[in-house]
Structures are given as structure tokens and as C-alpha cells.
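Student: Here it is, the structure in full.
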Ligand code: CA
């Protein structure tokens, strides 16, 4: 794997060049593909450490490219798109994106998210701790990064997994939006709590939560979330 290479799949030259300069200023190498076809070719030939993926591309939809890349491996993929509907973000995360950044974006925030995604990847590879968290029918094995509810596997993205770990390590406590953001992303995101809400909605859906009758996580309106202690 090219440990220092970041692949930028983006057809808007202004944005791709801005990203390239920002990325190279941090010591990574950047390669640009302006179509899904070139993006997949570079992904296969270079095996980059991380991918920044636009969705609106001239020869196809970035969502298809995302799915293709996921078939190949677990390389972190951050979607960078102007599509700002919550359903579109959830669809991209469900398809295997590690994170989602809405255009226009702050370069420093995007760089921070790249660092976090690369760190998650490194954590996933080393997986030092053999900790196992349980609550009711929910089991979260930190070592193997597997989650089950009532014995059935739940497939989480790296950020959803981190979010669940933060919640399960603090049972019964009200966790503020800001606390959770800092634990999961390492910094407060610039879009208020929108990104957190999207990931939380996706996590709850995967855990089979019903809003009317939450089993694991309650919303503390205007404050944050609470993991229900046994
Ligand atoms: Ca585009």
C-alpha cells in the first residue's frame, strides 16, 4: 500500500488543486482522477492510503465507484460532495464511506478528518485491546471490531463503531454533543451537530432502535445522548 498517497477523485479542477496543495502541505502525496474510470484505475494500481471522493462525476455517479472500491478493500474513503441531504449522507455511509464532508468545506476540517480516518485505519489494524463491552443483548468486541445484537451481527462503519464504543463506555451518563464529537472526531465539527446526528441516526437504525421505544440510546433534547445503563 502507498502509505502516504491520497487519491482525489474530483472533476472540478479548482477543488482538486486546492485539495492537492492542502494535502501535500501536510506531507502526503496526492493524485487526482477526474472521472470514475480513472479513479478506479488509480485505486487499483496505487492502492492509496485514503480516497477523497466526489459524487457528481462526468462519466458516472461516485456512489457506484464507492461500491466498487469497497469490493476491493477497506481503504478509508471520505465523500466530499455538494449533496447535503441527510438521506444522501446515510446512503453513502451505508455504502461504506468512512466519513462525509459537505461542500463548501473548510480545508483545515477536511485535513483533520483525513487524520482521523487514517488513525482509525491504523487502530483497526493494530487492535491492541481485547476489551469487550456488553449491555442487554448488545455485545461490542473492541479487539475484533465486531458488534452483535441478540447474537446477530451488526455491520458498522469505523465512525459508527467509535460512536458506539464512546456510548457504551459511559453507560447512564448524559453525553453532550460536544463531548461525543471530541471523543469520536477529536475536534468539534464546523456544521454544528449535523454530522453527529447523521451518524447517530445511522447507528441507531443498524441497532434496530425504534424512536418511540429506545432500547439502548436516548436523545437528550438540545444536549446530547445517553446510553441506557442496565
Ligand atoms: Ca463534481
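No lab work stands behind these numbers, since they all come straight from the coordinates. Please read all numbers here as calculations on a predicted model, not as lab measurements. Cβ placement follows ideal geometry from the backbone for every residue including glycine, while neighbour counts extend to all protein chains displayed.
Student: Ranking request for peptides 3-11, 179-187: highest mean number of other beta-carbon atoms within 10 Å first, then the rest in descending order.
Tutor: Taking the mean over residues of other Cβ atoms within 10 Å, the ranking is 3-11, 179-187.
Student: May I pose another question? Would you kindly calculate the translational diffusion coefficient of the chain, applying Stokes-Einstein with the Kirkwood radius from alpha carbon pairs, for 25 °C and a viscosity of 0.890 mPa s, and quote it in µm² s⁻¹ without decimals?
Tutor: D = 134 µm²/s.
Student: Sorted from largest to smallest, which semi-axis lengths in Å does the alpha carbon gyration tensor of the stretch 5-125 give for its equivalent ellipsoid, taking the root of 5 times each eigenvalue? Could you put the intermediate results ahead of the total?
Tutor: Numbers: eigenvalues 61, 54, 50 Å².
After diagonalising the Cα gyration tensor, the semi-axes are 18, 16, 16 Å.
Student: Something else now. Work out, step by step, the length gained on full extension between residue 219 and residue 115: first 0.36 nm times the residue separation, then minus their alpha carbon distance; give nm to one decimal.
Tutor: Taking 0.36 nm per residue and subtracting the Cα distance, the gain is 34.5 nm.
Student: In addition: Just to be sure I understand: of the beta bridges DSSP finds with both ends in the chain, what percent are antiparallel, rounded to 5?
Tutor: Close to 55 percent.
Student: Going by the alpha-carbon gyration tensor, a ≥ b ≥ c the square roots of its eigenvalues, is the stretch 1-52 rounded (a/c under 1.5) or, if a/c is not under 1.5, prolate (a/b greater than b/c) versus oblate? If you can, show how the numbers build up before the last one.
Tutor: Working: a/c = 2.99, a/b = 1.04, b/c = 2.86.
It is oblate, given that a/c is not under 1.5 and a/b is not larger than b/c.
Student: Further question: With contacts defined as alpha carbon pairs under 8 Å and 6 or more residues apart, what's the relative contact order of the chain in percent?
Tutor: It comes to 13 percent, rounded to a whole number.
Student: Report P(r) for the stretch 47-111: all Cα-Cα distances, bin width 10 Å, range 0 to the bin holding the largest distance, values in whole percent.
Tutor: That works out to 22, 57, 21, 0, in percent per bin.
Student: Additional query: If I fit a long axis through the Cα atoms of helix 194-206 and take the longest principal axis of the Cα atoms of the chain, what angle between them do I get, 0 to 90°, rounded to 10?
Tutor: 60
Student: Further question on the same structure: Using Cα atoms only, what is the angle between the long axis of helix 62-72 and the major principal axis of the chain, expressed in degrees (0 to 90) to the nearest 10?
Tutor: With both axes taken from Cα atoms, the answer is about 80 degrees.
Student: In degrees from 0 to 90, rounded to the nearest 10, what is the angle of the helix 107-126 Cα long axis to the longest principal axis of the chain?
Tutor: Computed tilt is about 70 degrees.
Student: Helix-derived [θ] at 222 nm for the chain: sum -39500 (n - 2.57) over DSSP H runs of at least 4, divide by residue count, nearest 500?
Tutor: Helix contribution divided over all residues of the chain: -13000 deg cm²/dmol.
Student: A further question on this structure: Please compute the length gained on full extension between residue 173 and residue 190, using 0.36 nm multiplied by the number of residues separating them and subtracting their Cα-Cα distance. Intermediate results must be reported in sequence, preceding the final value.
Tutor: Working: separation 17, 0.36 × 17 = 6.12 nm, distance 2.49 nm.
Additional length available on full extension: 3.6 nm.
Student: Per residue, what volume in Å³ does the Cα convex hull of the stretch 132-227 take up?
Tutor: Residue-normalised Cα hull volume stands at 91 Å³.
Student: Find the relative contact order for the stretch 5-125 and round it to a whole percent, using C-alpha pairs within less than 8 Å whose residues are 6+ positions apart.
Tutor: Normalised by residue count, the contact order of the stretch 5-125 is 22 percent.
Student: I'd like the distance between the alpha-carbon centres of the stretch 182-206 and the stretch 1-35, rounded to an integer number of Å.
Tutor: The two parts, judged by their Cα centres, are 25 Å apart.
Student: Quick one: if you stick a label point 7 Å off each Cα along the C-beta vector at residue 47 and residue 3, how many nm between them?
Tutor: With each label point 7 Å from Cα toward Cβ, the separation is 1.3 nm.
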